[in-house]
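The values are calculated or read from the model by the stated rules, or taken from the named source; none is laboratory data. The model shown is predicted, which means the values in this text are computed figures rather than measured ones. With ideal geometry, Cβ positions are generated from the backbone for all residues, glycine too; neighbour counts draw on all protein chains shown. The area values use the complete protein model at the heavy-atom level, side chains included, leaving out ligands, DNA and RNA. Shrake-Rupley method; radii C 1.70, N 1.55, O 1.52, S 1.80 Å.
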Amino acid sequence: MVDWHPLKRWLFTTNHKDVGILYLFTSLYFFVAAGLLALTFRTQLALPSNTFLQPDEYNQAVTTHGLLMLLWVLTPLGAAFANYFVPIQIGARDMAFPRLNALSYWVYLSSGLLALSSFFASGGTADWGWTTYAPLNTVEFSPQVGGSMMGLALMLLMASSIVSTVNFLVTIFRLRAPGMSLMRLPLFTWGWIFTSLLMLWAFPSFVSALSLLIADRAFGTVFFTSPQGGSLLWDHMFWFFGHPEVYVLLLPGFAIVGDLFSTFSRRPLYAKKIIIPCFAIASILSFTVWAHHMFMTGISQSLLEAFNITTELISIPFAIIVLAYILTLRGGSIRFTTPMLFAVGSLGLFIIGGVTGVFNSSVALDTAFRGTFWVVGHFHYTIVGGGLTGLFAGLYYWFPKITGRMYNERLGKIHFVIYMIGFNLLYFPMHLLYDMPRRIFTYDASTGWGPLNLLITIGGFTFGISQLIMFANLLWSARRGPQASQDPWGGYSLEWGVPSPPPEFNFPEGVPVVSATGVTYRPVAAANGGHAMANGGHAYGGHGGESSEEHWSRWPVVTAAGAGIALWGVLMGLPALILGTVILAVSFVGWGYESLRGREAIEAIGEKWPFDRLENLSLGMWLFIFGEIAFFGTLFGAFVFLRMNSPLSGFAWPQPGSVHNIFFGGFNTIILLTSGLTMVFALMFARQGSYRGLQGSLVATFALGAFFMVNKAFEWKELFASGFTFSTNPASSIYYVLTGVHGAHVVAGLTALTYLMVKALKARSTTEAGASVEIFGIYWGMVDAVWVFLFPLLYLL
Amino acid sequence: MPLKPFYEERGLPGLVPALAPSAEQWQSLFTLYIIAAVIVAGAVFVMFFYFLAKYRKKPGAQDPKDAPRVGVMADRGNPALAAILTALLISLFFGLTLNTFALNAYLQNPPNDPNALYVDVIGFQWGWRFVYPNARELIGEFRVPEINRTCTPGVRGCWSGTVILNITSADVFHSFGIPDFKIKRDAIPGRVNQAWFVAEQSGIFPEAIRCYELCGTGHALMMADLIIQSPDSFHDWYLSGV
């Protein structure tokens, strides 16, 4: 008889620590995969005129290495720690939405497998570099289906990340323990707040860029093939995401370094109240620097000079943080154990990367650096040197907490020394190759680049092999290492106040209460001022014989598998698409049978500022809408770009009324807005407890929404018949994408509405549906509001 | 001293770079940035390593009084330091930026030179096409005249040595670069971008022109030779092919 229990646990778990471990193993797996890819192309470049890789293989290896490392390794490794430790650090027993958390992980895994399997598509995977420049990314120049698969995998990953950011932000803002004010949060949690905010704002704009790319590749729209859009449209959209993305990669590791400097020097963090605003300023500025990736594109010089200045300014908050970290050491008693060594290494390498970054801010120096190994050297010093080294410091630091055992210190130190030697051999010489183009698969001996490239490759293998020491050390120590105490380092964040590894619900002694003098634990019964909560036993500590299995859900893994298999249909054909869709449909019904709140009854009992008045679900929905604004905002930006660029490139945008029927569009607008009104009625009836009124207004909303979609379908049909198709011109392309994406939101809304109607019908009361109606109302309002912008944009201007 | 690439120091044969004022100016700006970087990063590293060495744990040492413990992190720090650092960095950046903008103005604005040679540069998968004013075309090699200070303005056939490039692409995104001259500009389909240079020394510079944006499988081989001729021999060649 096979014991399915462990397998079931890992498949169905919703516990944040289990999910964290899943993230950890998966991201390290992708780290090995992407690292091996790097070694293949470093082998190719070791010698001039080498023939180890073919050009197309080389390009695929470079592209996949970049995408995997950035999106499937670094952020998820940070997410592993965030999953495991953020809830403990804020004093919560789990995430706000544990099932969504599991869903984020499984979708992440399924997107990664989709990305890797695109190698096996005929013609291989994406080969256009991680920056995916247009129009090389279009079907004309890169017809391979693997490229489209990579695009879909990226979309799926973005969906996973966006869900995850909403979850983390709600968790951190709403579920803090009593006394855990925002300023008392450890730096790592603060770093993760800003990472999440950056992801929530930047990732949706990448989704909109990918939507246009996939529309071009699959439906023949002309965004990146026409001169009105083309290279520059992609550049703007991509880098608006791409630059904040580099801070997404840096911040988690960089924040860990701050906590470690304090812990291992036995001194409080210097100027924490300055460091946190600096994180905020850097996060905001990160959205204002993207065009420094476009210095050579020939766009307005005064604009580029402005970007030159913003790029210099963003180094100031980082310089302040670096100074604060260094001053933290002053007067301390520094212990150089492995985590501290990696933290010191991370800061040192980041300083070098930061200084070369100032060179890159110069619009004039860029005439040499753009597209060369200098840039490669620079960003590896920041992202690998600063970010990854910081995360590895975190891995050693938290290893005893996660496993309850100590790693081998001597092997850790050996790893550090070889890591640093390998790193600097690998990336420093790249700065001297500031004439050598990036991403070339070969070079001639006469260029003189041979010796440095050989050195770089030797460094690459040294760096790669050093990681094996870490893996061996950690894998062995997890089973055989000596027992670790609860707090081997003298850490200050709450995870060091609970056993190693932490029990199921984190705080066995009750609710942590934080004050200026330290942390105490309030037994659960007293947690709510002696007033037992509805789920009092559930809140902390697992009293009342609660076991984790009660929280398992099978639907996250099933949904993610369905989505992955459906998208595999691109490669495998219709059967996979159908199978995946059926699995997805089944999982949606399954989710419907689970109570919306039942398994996510993580009640806020402590600090909730500044969101005291919003419920978890409403705050989650508002944050999601924040992301939607970025998504639609970027699409509107694309519209404006195409429109402004049209006269310059000799395309006459259609006059209002010449293509679209303004009367019909206006009629449909009124229908959609009326459905917003009926939704308000639904909310009113739900609050008044009028079951009939609620049911009636929900049905009316559904009918109006469906009517809107039917009209839309007729409109599309007419337009197609009149010769205004996806590929007619930029005006038609953006029309179909904007209305199509909006239509998809309406359809998603109608699906959710069906749930609400079924729920209200089954319960025959408004209590169960009340909160759901409110949350749906926010979403439906957003869908209406988007159309209020779309209608004049598409029909009247 | 400007930092020179590894191979230049070796003085390997055939690797003498072509000379141009744009490269000299670039090198002096680069040197300025290097000096600033070495001073700033040097100061930071000295302080960093000094603290690491000085405050390492001594045997038998006690923790500092305000050592963090679970749930407690004392508050300290001086906001004035952040303000001072900001002011210092802003004044440093002010100096660097003025120099950057000056060089940028030089690189971006071709001189108003009636004896300049205008060449259309068209990137394609995978090579460079050079179209001269008299419709002569070259692929894979680029001939230009070296500087000639004796030209009478406006006299036809007298090339001053100023070369103004109108760069575009026939297919995908390329980037046109002459690393010896520190000249670079993206070659984008549907757009024409301008760059310019003056070459100071005649000679043949194999594969001195390269593509700096991944443009497909032939990216590494998308090169052209640069041939800088004396004004007379350039003019003879220029007329010979018509």
Scanning segment A:433-446 for residues that are more than 15 Å from B:Cys215 (Cα to Cα) and open to solvent by 20 Å² or more (accessible area, probe 1.4 Å), which turns out farthest from the chain's Cα centre (by Cα)? A:Ser446
Report yes if some residue within segment A:252-267 is under 18 Å from the mean Cα position of the chain (by Cα), closer than 27 Å to A:Ser164 by Cβ and aliphatic (A, V, I, L, M); otherwise report no. yes
Criterion first (more than 27 Å from A:Gly371 (Cβ to Cβ) and either at the interface with chain B (Cβ under 9 Å from one of its Cβ atoms) or buried (at least 24 other Cβ atoms within 10 Å of the Cβ) (or both)) does A:Ala271 satisfy it? yes
Selected residue (only one of A:Val511, A:Val570, A:Val524 is of a type outside the set (Phe, Trp, Tyr), modelled with pLDDT of 85 or more and on the phi < 0 side of the Ramachandran plot): A:Val511
Applying the selection to segment A:719-752, what residues are closer than 18 Å to A:Leu796 by Cβ and not in a helix (DSSP H, G or I)? A:Phe724
Could you list all residues from segment A:163-181 that are open to solvent by 20 Å² or more (accessible area, probe 1.4 Å) and of a type in the set (A, V, I, L, M, F, W, C)? A:Val163, A:Phe173
Within segment B:16-31, can you find the residues that are within 10 Å of chain A (Cβ to nearest Cβ) and open to solvent by 60 Å² or more (accessible area, probe 1.4 Å)? B:Gln25
Considering only residues of segment B:214-231 that are open to solvent by 10 Å² or more (accessible area, probe 1.4 Å) and under 19 Å from the mean Cα position of the chain (by Cα), which is nearest to the other protein chains (Cβ to nearest Cβ)? B:Met223
Exactly one of these conditions fails for B:Ala195: (1) in contact with a Ser or Thr (Cβ under 9 Å, 6 or more places away or on another chain); (2) of a type outside the set (Val, Ile, Thr); (3) facing chain A (nearest Cβ under 7 Å). Give me its number. (3)
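Every residue, every condition in (1) out of contact with any helix residue (DSSP H, G or I) (no Cβ under 7 Å at 6 or more places or on another chain); (2) closer than 23 Å to A:Pro556 by Cβ; (3) aromatic (Phe, Trp, Tyr); (4) not assigned by TED's automatic domain parsing to the domain that holds A:Gly606, yes or no:
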| site | (1), (2), (3), (4) |
| --- | --- |
| A:Phe81 | no, yes, yes, no |
| A:Asn101 | no, yes, no, no |
| A:Gly112 | no, yes, no, no |
| A:Met150 | no, no, no, no |
| A:Ala153 | no, yes, no, no |
| A:Ser161 | no, yes, no, no |
| A:Phe168 | no, yes, yes, no |
| A:Arg176 | no, no, no, no |
Among the residues listed as B:Val172, B:Val163, B:Val155, B:Val121, the single one being part of a loop (DSSP other than H, G, I, E, B) and surrounded by 23 or more Cβ atoms within 10 Å (Cβ to Cβ): B:Val172
B:Met73 within 7 Å of chain A (Cβ to nearest Cβ), modelled with pLDDT of 95 or more and touching a helix residue (DSSP H, G or I) at 6+ places or on another chain (Cβ under 8 Å): no
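Working carefully through the options A:Val783, A:Val741, A:Val737, find the one that is buried (at least 18 other Cβ atoms within 10 Å of the Cβ) and in contact with a His (Cβ under 6 Å, 6 or more places away or on another chain).
The conditions single out A:Val783.
One line per residue, one yes/no per condition, for (1) surrounded by fewer than 24 Cβ atoms within 10 Å (Cβ to Cβ); (2) free of Cβ contacts under 8 Å to residues at least 24 places away in the same chain; (3) not hydroxyl-bearing (Ser, Thr, Tyr):
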{"site": "A:Phe194", "(1), (2), (3)": "yes, no, yes"}
{"site": "A:Pro204", "(1), (2), (3)": "no, no, yes"}
{"site": "A:Phe223", "(1), (2), (3)": "no, no, yes"}
{"site": "A:Gln228", "(1), (2), (3)": "no, no, yes"}
{"site": "A:Leu232", "(1), (2), (3)": "yes, no, yes"}
{"site": "A:Met237", "(1), (2), (3)": "no, no, yes"}
{"site": "A:Ala255", "(1), (2), (3)": "no, no, yes"}
{"site": "A:Ser265", "(1), (2), (3)": "no, no, no"}
I'm trying to understand the selection: among the residues of segment A:300-321, which are of a type in the set (A, V, I, L, M, F, W, C) and at the interface with another protein chain (Cβ under 9 Å from one of its Cβ atoms)? A:Leu304, A:Ile309, A:Leu313, A:Ile316, A:Ala319, A:Ile320
For segment A:1-83, which helices (runs of 4 or more DSSP H) that fit wholly inside it have 3 or more residues that are under 21 Å from A:Tyr427 (Cβ atoms) and out of contact with any Lys or Arg (no Cβ under 7 Å at 6 or more places or on another chain)? A:16-46, A:55-67
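May I ask you to list the residues in segment B:187-203 that are in contact (Cβ under 8 Å) with a residue 24 or more places away in the chain and either assigned to a strand (DSSP E or B) or not aliphatic (A, V, I, L, M) (or both)?
Residues satisfying the conditions are B:Ala187, B:Asn193, B:Gln194, B:Ala195, B:Trp196, B:Phe197, B:Val198, B:Glu200, B:Gln201, B:Ser202, B:Gly203.
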Output yes when any residue across segment A:421-431 is farther than 16 Å from A:Gly345 by Cα, part of a helix (DSSP H, G or I), touching a Pro at 6+ places or on another chain (Cβ under 9 Å) and of a type in the set (A, V, I, L, M, F, W, C), and no when none is. no
Answer with yes or no whether B:Arg210 is buried (at least 23 other Cβ atoms within 10 Å of the Cβ), assigned to a strand (DSSP E or B) and without any contact (Cβ under 8 Å) to a residue 24 or more places away in the chain. no
Looking only at segment A:481-511, which residues are touching a residue at least 60 places away in the same chain (Cβ under 8 Å), in a loop (DSSP other than H, G, I, E, B) and of a type in the set (D, E, K, R)? A:Glu504
Only one of these conditions is not met by B:Trp126: (1) within 30 Å of A:Val363 (Cα to Cα); (2) surrounded by fewer than 15 Cβ atoms within 10 Å (Cβ to Cβ); (3) aromatic (Phe, Trp, Tyr). Which number is it? (2)
Filter pass, B:Asn148 being open to solvent by less than 50 Å² (accessible area, probe 1.4 Å), more than 26 Å from B:Leu19 (Cβ to Cβ) and modelled with pLDDT under 95: no
Within segment A:440-498, can you find the residues that are within 30 Å of A:Leu269 (Cβ to Cβ), small (Gly, Ala, Ser) and within 14 Å of chain B (Cβ to nearest Cβ)? A:Ser485, A:Gly490, A:Gly491, A:Ser493, A:Gly497
Which ones in segment A:336-358 are within 11 Å of chain B (Cβ to nearest Cβ) and over 26 Å from the mean Cα position of the chain (by Cα)? A:Phe336, A:Thr337, A:Met340, A:Leu341, A:Val344, A:Gly348, A:Ile352, A:Val355, A:Thr356, A:Val358
What are the residues in segment A:408-417 that are touching a Gly at 6+ places or on another chain (Cβ under 8 Å) and crowded, with 24+ Cβ neighbours inside 10 Å, if any? A:Phe416
If you check A:Met430 against the conditions, is it open to solvent by less than 60 Å² (accessible area, probe 1.4 Å) and within 23 Å of A:Leu250 (Cβ to Cβ)? yes
